[in-house]
1. Roughly how many percent of the accessible protein surface of the chain is carbon and sulfur, given a 1.4 Å probe and a whole-percent answer?
2. Near the amide H of G131, under 5 Å away, which other amide H atoms are found, from residues 5 or more places off or on another chain, if H is placed in the peptide plane?
3. If amide hydrogens are placed 1.01 Å from N in the peptide plane, which non-local residues have theirs closer than 5 Å to the one on V55?
4. Report, to the nearest 10°, how far helix 220-229 tilts away from the longest principal axis of the Cα atoms in the chain, using its own Cα long axis and a range of 0 to 90°.
5. Shape of the stretch 74-125 from its Cα gyration tensor (a ≥ b ≥ c, root eigenvalues): rounded if a/c is under 1.5, otherwise prolate when a/b > b/c, or oblate?
6. Full-extension gain between D47 and D272, please, as 0.36 nm times their residue separation minus the C-alpha to C-alpha distance.
7. Output ³J(HN,Hα) for the stretch 270-276: one whole-Hz value per residue in order, computed from phi by the Karplus curve 6.51 cos²θ - 1.76 cosθ + 1.60 with θ = phi - 60°, and x for Gly and Pro.
8. In whole Å, what is the distance between the alpha-carbon centres of the stretch 66-137 and the stretch 151-186?
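The values are calculated or read from the model by the stated rules, or taken from the named source; none is laboratory data. Remember, it's a predicted structure, so these values are computed and weren't measured experimentally. Cβ atoms come from the backbone with ideal geometry, glycine included; neighbour counts cover every protein chain shown. We work out accessible area using only protein heavy atoms, side chains counted, and drop any ligands, DNA or RNA first. Shrake-Rupley method; radii C 1.70, N 1.55, O 1.52, S 1.80 Å.
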Amino acid sequence: MRRDFPMGSAPALLDRATTWLATPPAERTSVPIRNAATVMVVRDRADGGGAGGPVEAFMIHRVSSMVFAPDTLVFPGGGVDHRDGDQSIPWRGANDVLWAGRLGCTAHEAREFVCAAVRELFEETGVLLAGPADGEELVDTSSWLAERAALEARELSLATLLRERNLVLRSDLMRAEAHWVTPEFEARRFDTRIFVAAMPSDQEALDDSSEAASAQWMDPRAALDQLAAGTVAILPPTQVCLEHLTTATSAADFLDRQPVIERIMPTLVDRDGRFVMAVDTGRP
C-alpha cells in the first residue's frame, strides 16, 4: 500500500525538504540515526465514547523550542540511553530474546527499546510500568518528582531506580505497535519502536513535562480532525497509530492485537511542486 503524507506548512521543514531534493545524492550529508522508543498509553473513555470513539490516548503537545518536532502533537517517548540495556534491570514478562523476535532486532537492542519506553514514559508523564515482583499492583509514583528529574538529567539510571525501590519492570504490560524511521532529509533522525500500554488504574498521567506546552487525554478522532483542519501538527507515525486506535472497541481490544511490525521510512517526494512523505506498507 502506497500512501502520501502532506508536508504541511512548517517553513523550516519545507526549507530542508527543498534543499535535500536540490542536492545531488552523492553530495547529501548522512545524519546518524539514534534509537528511540515511544509509548501509546490508552484507556477507555469514562463516558463510553459519546460523540467520539470509546478509547483515548495520552498525548503531549511539544513546546515550540524543541529541536525535533517542535509544536507537534506526539505520544510520550524519546531517545535510548545506553544504560537502558543494563542486564541487571529487574524484569517481569517476556524477556529480551522474545521481544527481539517481535521487534526485529538483537536481544540487547530489544532490552534497550523496552527499557527506554518505560523510562521515557515515566519521565514525561509520571506513569511507571513497574511494581513489586510478586504482585499485580503498580507503585504510586505521584510524588516522585525528584526521581523523574534525575532520570531526565541522566543523573539516575532506570536500573538504579528500580533496584533502590525493589521494583521490577513490567514488560508484560506493553506490546509492540510499529517501527518507523525518520526520513533522510530530517536534521535529526530516529529509529523508533512504538509500544502500546494500558493506563494503570492506580496511577495518574501528569501534564508537567518540561517538553510539553500541554498534555492531555485525547480522542484519536478529534486529534485527526484537528490535523485535517490544519490546527495541529502530527507526524505520520503518530497519525497512523491514531487511525488504528479509532478502530478499537476498547483499550483491552487494542492491547490484544498483534499487528505485523514492519520497518517504515518515509521518502521525500516532489508531486508536481507539492512535497509529500511517501511510504510503502502492507498495513493500512
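1. 51
2. V168, R170
3. R45
4. Helix 220-229 sits at roughly 20 degrees to that axis.
5. Working: a/c = 1.79, a/b = 1.51, b/c = 1.19.
Judged from the Cα gyration tensor, the stretch 74-125 comes out prolate (a/c at least 1.5, a/b above b/c).
6. 76.4 nm
7. Here the 3J(HN,Hα) series is 9, 9, 6, x, 10, 6, 9 Hz.
8. Comparing the Cα centres of the stretch 66-137 and the stretch 151-186, I get a distance of 2 Å.
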